[in-house]
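Structure first, commentary second.
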Amino acid sequence: MKSDLLAWVSLLIIVSNLYLLSSSRLASLIKGVAFQGILLGALSLLMAGHSASYHLIFLAILSIAVKGILIPFYLSKLVRGVKELRDANPVIGYSLSMFIGVVISCFAFYILQKAPFVHAFVSVFHGASAISTAGIGLFLIITSRNVIRQIIGFLVFENASFIFGLSIALYQPLFVEMGILLDTFAGVLIMVIAAKRILTVHQSISVRSLERLSK
Amino acid sequence: MNLIEITVVLIYAFFAGGTASCFRSKNPAKLLLVPVISSSAVFLGGIAFLIETRPENTVLLFGGTLIIDSLSLLHILLVNTIFLITSIYTTGYFREKIKCGALKASYAKRFSILWQTFQAVLLLVLLSNNIGLMWISLEATTIVSAFLIISDAELSIEATWKYLLICSVGIVFAFFGTMLTVAAARGMQSSEGVYLFSYLSANADEIDPRLMLLAFILVVVGFGTKAGLSPMHTWLPDAHSQAPTPVSAVFSGVMLNCALFCIMRYLPITEAALDFDGQARSIVLLCGFMSLIFAAVFIPIQSDVKRMLAYCSVEHIGIIAIGLGLGGLGIFAALLHTVGHSLSKVLAFFSAGSIADHFGTREMKDIQCASHKVPLWGNTFFLSCLVLMGVAPSAVFMSEFLLAKELFFTGKYIILAFFLLGTLAVFFSMLRYTMLISFGKGPKEQGVESRGRRVDTVIVITCLLLLLFLGLWIPAPLSNFLKDAVSIIEKGATL
């Protein structure tokens with residue numbers, strides 16, 4: 001039963017990735033990434049039941065608080081300050097992005113059968129959700145035209161490492177787990193502060209305003 | 001708690017005290033003195049480590065969470081030295097800005113707090129025996145140092161953004177590598193030992209080789225991004241050129257080394273897991289080789305003096321990686337190169353920053369005859385760049401010579417040819433720029449415009465003499481110290 005639930009939550013994570021790819025508004029993207037944060041908490045809780053670890057319950061609560069509530073809250077605050085079009089406006093269109101997302105997810109299942117790390121995961125669905133999330137996170141970063149979508153892409157990419165870490169984290173000392181989560185939070189918070197500064201200096205969140213050093 | 005653990009606690013107490021004192025103060029001059037005091041105390045702490053541990057010993061601290069061996073000790077001493085001299089330089093660098101009111105108390109406060117925290121987390125990277133803690137510390141260096149890059153300059157925000165995004169993504173790759181390492185070691189008896197480098201090194205034959213190789217590739221990509229290895233180095237020229245000079249100096253002088261240090265910890269474990277077939281070394285060698293070639297191609301087309309020095313860092317990190325990839329004498333050369341590069345690059349950044357401030361531009365075509373107008377920094381720039389180019393006799397020349405010798409005697413003639421070609425290309429391009437900046441045609445009748453501080457002169461002369469000395473003779477204690485560190489990179493940190 002728990003294994004089934006684990007598989008369903010893993011599948012929901014993959015679906016949330018596809019939702020992020022198809023979202024045209026920054027506000028929807030933030031809601032999507034918050035939902036993914038809550039799914040990660042649920043995954044931790046299910047894993048805690050799987051291995052009877054209080055350690056993972058604590059991690060689940062932290063994950064929901066940080067990834068599901070705090071980070072989306074700061075991102076929403078940032079978006080409210082943006083006067084220009086609040087469209088995600090990616091380099092690649094939404095339909096093609098969705099198609100690429102589906103290909104990445106299928107590839108994740110395929111590679112898991114072939115690669116030597118299949119036993120590192122609790123189940124195939126769990127492993128595939130980690131790989132698919134990593135691929136889609138990177139895709140979101142690369143195809144972004146604005147810094148907020150880049151932050152969300154980074155957050156999704158980082159979520160993949162969380163899913164991956166969960167299966168191997170059982171014996172990790174708690175302070176290390178806490179450190180990893182706090183580092184993520186601090187990292188994203190610093191990105192949000194930097195994005196605010198970009199907005200103040202350039203009056204825009206477009207990455208085009210950040211191409212002067214490349215010239 | 002033993003004596004070494006007490007020293008570690010004292011070092012971090014100094015950092016905490018120094019940082020806390022900055023929150024209260026509002027005077028910029030006093031705020032900039034705090035890092036000098038704390039880095040002096042930490043420098044003495046590093047010396048205490050050397051005396052207490054004796055270089056040939058490996059000591060586990062706090063239940064195995066931290067480790068001190070000759071490899072970490074070498075890097076700790078280097079970090080402490082670079083931070084100490086840079087903190088002293090910083091007081092002079094910002095003095096003029098304080099005088100004319102360009103430096104606000106808020107900036108000095110931010111700088112002093114982040115500066116000390118940055119050194120504290122860098123030291124934690126070097127002390128970590130737990131692979132998770134090492135990852136956390138290195139990620140923390142990105143978070144802490146990002147706001148050291150931002151100044152009033154508009155372009156600095158762009159450089160900060162690239163640094164944050166690229167290094168953070170790279171560090172997540174390193175996290176995948178870290179977790180895969182644990183997965184590869186799952187068959188081991190101790191479930192907690194799989195997180196410790198010392199345990200993994202001692203039981204490397206029980207590690208799944210295929211998984212470990214994959215983990216190592218991710219570790220090289222991840223930590224290599226932070227180390228500035230090509231092709232993941234793209235953040236480096238922007239961050240180094242836009243950051244204030246003291247920050248560029250420590251980025252290039254020690255932060256890149258610390259990231260490479262993480263790869264040095266994984267290298268012996270991977271090699272042992274793969275039965276010493278050389279695959280892991282080849283990966284590092286390839287990255288090093290690419291870095292050297294990238295730098296050789298990009299240095300000639302630079303116009304900004306700090307960008308040129310940034311690409312020069314890519315070249316030297318590449319040379320260190322080539323040494324690590326070769327093994328044996330190559331690793332010895334790599335460690336010697338680490339010391340030589342750090343000292344000379346810090347001097348090069350000090351002088352480039354001071355010259356650029358004096359001339360009001362970083363464009364090399366607009367800076368001429370610096371040795372006449374600002375003799376201390378003009379001549380230091382010339383001499384430190386000569387060292388960086390590998391001119392004899394200097395520590396950098398010695399390590400490059402040892403590396404070429406190892407390539408020749410191991411029969412890697414093609415790599416040797418490209419190595420010589422790359423270093424020669426860098427040599428000629430840098431020589432042209434350096435001659436122009438230090439001795440180029442300019443109005444000499446204006447006379448000396450700035451002589452520099454005495455303390456800066458002492459720092460410059462000491463570092464240059466040390467670089468010259470290491471190019472002529474490596475004393476037996478230092479040679480043995482380096483050989484111990486080499487054996488740790490070859491066999492791992494075992495007790």
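Has region B:189-198 got any residue that is facing chain A (nearest Cβ under 7 Å), modelled with pLDDT of 85 or more, in a helix (DSSP H, G or I) and within 20 Å of the chain's Cα centre (by Cα)? Reasoning before the result, please.
Let us first name the residues in region B:189-198 that are facing chain A (nearest Cβ under 7 Å), namely B:191-192, B:195.
When the remaining residues are screened for being modelled with pLDDT of 85 or more, the result is B:195.
In the following step, the residues that additionally are in a helix (DSSP H, G or I) were identified as B:195.
Filter again for within 20 Å of the chain's Cα centre (by Cα), leaving none.
There is no residue in region B:189-198 that is facing chain A (nearest Cβ under 7 Å), modelled with pLDDT of 85 or more, in a helix (DSSP H, G or I) and within 20 Å of the chain's Cα centre (by Cα).
Scan region B:92-107 and tell me whether some residue there is in contact with a helix residue (DSSP H, G or I) (Cβ under 7 Å, 6 or more places away or on another chain) and without any contact (Cβ under 8 Å) to a residue 60 or more places away in the chain. So that I can check it myself, show each step before the final result.
Taking region B:92-107 as the starting set, the residues that turn out to be in contact with a helix residue (DSSP H, G or I) (Cβ under 7 Å, 6 or more places away or on another chain) are B:92-94, B:98, B:103, B:105.
From what is left, the residues that are without any contact (Cβ under 8 Å) to a residue 60 or more places away in the chain are none.
The answer is no; no qualifying residue exists.
Quick grid of which residues meet (1) of a type in the set (Lys, Arg); (2) touching a residue at least 12 places away in the same chain (Cβ under 8 Å); (3) part of a helix (DSSP H, G or I):
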site: B:Ser151; (1), (2), (3): no, yes, no
site: B:Ala159; (1), (2), (3): no, yes, yes
site: B:Lys162; (1), (2), (3): yes, yes, yes
site: B:Val169; (1), (2), (3): no, yes, yes
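Which condition number in (1) buried (at least 20 other Cβ atoms within 10 Å of the Cβ); (2) modelled with pLDDT of 90 or more is the one that B:Pro28 fails?
So the condition that B:Pro28 fails would be (2).
Residues checked against (1) under 16 Å from the mean Cα position of the chain (by Cα); (2) of a type outside the set (S, T, N, Q); (3) over 24 Å from B:Glu206 (Cα atoms):
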{"site": "B:Ile283", "(1), (2), (3)": "no, yes, no"}
{"site": "B:Pro300", "(1), (2), (3)": "no, yes, yes"}
{"site": "B:His316", "(1), (2), (3)": "yes, yes, yes"}
{"site": "B:Val339", "(1), (2), (3)": "yes, yes, yes"}
{"site": "B:Lys345", "(1), (2), (3)": "yes, yes, yes"}
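Test B:Leu213 against the criterion of being surrounded by fewer than 22 Cβ atoms within 10 Å (Cβ to Cβ) and part of a helix (DSSP H, G or I), and give yes or no.
Numbers: surrounded by fewer than 22 Cβ atoms within 10 Å (Cβ to Cβ): yes; part of a helix (DSSP H, G or I): yes.
Judged against the criteria, B:Leu213 is a match.
Give all pairs with beta carbons closer than 9 Å in which a residue from region B:386-404 that is charged (D, E, K, R) meets a residue that is not in a helix (DSSP H, G or I); count only pairs at least 6 apart in sequence or on separate chains.
Hits for this filter: B:Glu400/B:Gly390.
If we keep just the residues of region B:171-188 that are without any contact (Cβ under 8 Å) to a residue 40 or more places away in the chain and either outside any helix (DSSP H, G or I) or under 16 Å from B:Thr234 (Cα atoms) (or both), which is nearest to the other protein chains (Cβ to nearest Cβ)?
B:Arg186
Taking only region B:451-472 into account, find how many residues are under 23 Å from the mean Cα position of the chain (by Cα) and either acidic (Asp, Glu) or outside any helix (DSSP H, G or I) (or both).
1
Those residues that are among the β-branched types (Val, Ile, Thr) and at the interface with chain A (Cβ under 10 Å from one of its Cβ atoms), I need them from region B:130-148; list them, please. I'd like the intermediate steps shown before the answer.
Filtering region B:130-148 for residues among the β-branched types (Val, Ile, Thr) gives B:131, B:136, B:141-144.
Hits for region B:130-148 are B:Ile131, B:Ile136, B:Thr142, B:Ile143, B:Val144.
Consider B:Leu77 against the criteria (1) surrounded by fewer than 24 Cβ atoms within 10 Å (Cβ to Cβ); (2) closer than 30 Å to B:His358 by Cβ: it satisfies all of them except one. Which criterion is unmet?
Just one mismatch for B:Leu77, condition (2).
Is one or more of the residues making up region A:113-133 over 15 Å from A:Ile163 (Cβ atoms), modelled with pLDDT of 80 or more and within 14 Å of chain B (Cβ to nearest Cβ)?
The answer is no; no qualifying residue exists.
Just give me the residues in region B:101-129 being within 14 Å of chain A (Cβ to nearest Cβ), part of a helix (DSSP H, G or I) and among the polar types (S, T, N, Q), in sequence order.
Result: B:Thr117, single match.
If I ask for residues that are crowded, with 21+ Cβ neighbours inside 10 Å and either at the interface with another protein chain (Cβ under 7 Å from one of its Cβ atoms) or of a type in the set (D, E, K, R) (or both), which ones from region B:151-161 would you list? Outline the logic, then answer.
At the first step, the residues of region B:151-161 found to be crowded, with 21+ Cβ neighbours inside 10 Å are B:156-161.
Those that are crowded, with 21+ Cβ neighbours inside 10 Å and either at the interface with another protein chain (Cβ under 7 Å from one of its Cβ atoms) or of a type in the set (D, E, K, R) (or both): B:Ile157, B:Glu158, B:Ala159, B:Thr160, B:Trp161.
Among helices (runs of 4 or more DSSP H) lying entirely in region B:1-100, which contain 1 or more residues that are of a type in the set (Gly, Ala, Ser) and under 17 Å from B:Trp115 (Cα atoms)?
Fully inside region B:1-100 and qualifying: B:3-24, B:28-53, B:70-93.
Just for helices (runs of 4 or more DSSP H) wholly inside region A:1-68: which have at least 2 residues that are charged (D, E, K, R)? Steps first, answer last, please.
On the way: elements: A:2-22, A:26-51, A:54-63.
Helices (runs of 4 or more DSSP H) meeting the threshold: A:2-22.
Of all residues in region B:57-71 being within 14 Å of chain A (Cβ to nearest Cβ) and under 12 Å from B:Ser128 (Cβ atoms), which is surrounded by the fewest Cβ atoms within 10 Å (Cβ to Cβ)?
Taking region B:57-71 as the starting set, the residues that turn out to be within 14 Å of chain A (Cβ to nearest Cβ) are B:62-66.
Of the ones still in play, those that are also under 12 Å from B:Ser128 (Cβ atoms) are B:62, B:64-66.
Working: B:Phe62: 14, B:Gly64: 17, B:Thr65: 18, B:Leu66: 20.
Selected residue: B:Phe62.
Looking only at region B:201-215, decide whether some residue is free of Cβ contacts under 8 Å to residues at least 40 places away in the same chain, among the basic types (Lys, Arg) and either within 9 Å of another protein chain (Cβ to nearest Cβ) or touching a helix residue (DSSP H, G or I) at 6+ places or on another chain (Cβ under 8 Å) (or both).
The initial filter retains those residues of region B:201-215 that are free of Cβ contacts under 8 Å to residues at least 40 places away in the same chain, namely B:203, B:206, B:210-211, B:214.
Going one step further and asking which of them are among the basic types (Lys, Arg), we end up with B:210.
Next, from what is left, pick out any that are either within 9 Å of another protein chain (Cβ to nearest Cβ) or touching a helix residue (DSSP H, G or I) at 6+ places or on another chain (Cβ under 8 Å) (or both): B:210.
Scanning region B:201-215, I find at least one residue that is free of Cβ contacts under 8 Å to residues at least 40 places away in the same chain, among the basic types (Lys, Arg) and either within 9 Å of another protein chain (Cβ to nearest Cβ) or touching a helix residue (DSSP H, G or I) at 6+ places or on another chain (Cβ under 8 Å) (or both), so the answer is yes.
For region A:136-146, how many residues are in a helix (DSSP H, G or I) and either surrounded by fewer than 24 Cβ atoms within 10 Å (Cβ to Cβ) or in contact with a Leu (Cβ under 7 Å, 6 or more places away or on another chain) (or both)?
6
Looking at region B:340-349, can you tell me whether even one residue there is of a type in the set (A, V, I, L, M) and either without any contact (Cβ under 8 Å) to a residue 12 or more places away in the chain or within 23 Å of B:Cys262 (Cβ to Cβ) (or both)? Before you say what the answer is, go through the steps one by one.
Just the residues of region B:340-349 that are of a type in the set (A, V, I, L, M), to begin with: B:343, B:346-348.
Keeping just the survivors that are either without any contact (Cβ under 8 Å) to a residue 12 or more places away in the chain or within 23 Å of B:Cys262 (Cβ to Cβ) (or both) gives B:343, B:346.
Yes, some residue in region B:340-349 is of a type in the set (A, V, I, L, M) and either without any contact (Cβ under 8 Å) to a residue 12 or more places away in the chain or within 23 Å of B:Cys262 (Cβ to Cβ) (or both).
Between a first residue in region A:77-102 that is polar (S, T, N, Q) and a second residue that is modelled with pLDDT of 85 or more, which pairs have beta carbons less than 6 Å apart while being 6 or more apart in sequence or on different chains?
A:Ser97/A:Leu21
Counting residues that are surrounded by fewer than 24 Cβ atoms within 10 Å (Cβ to Cβ) and in contact with a Ser or Thr (Cβ under 7 Å, 6 or more places away or on another chain), which helices (runs of 4 or more DSSP H) fully inside region B:317-407 reach at least 3? Don't jump to the end; show me each part of the working.
On the way: elements: B:329-359, B:370-373, B:375-389.
Filter on region B:317-407 gives B:375-389.
The values are calculated or read from the model by the stated rules, or taken from the named source; none is laboratory data. Owing to the predicted nature of the structure, the values given are computational and were not obtained by experimental measurement. Cβ atoms come from the backbone with ideal geometry, glycine included; neighbour counts cover every protein chain shown.
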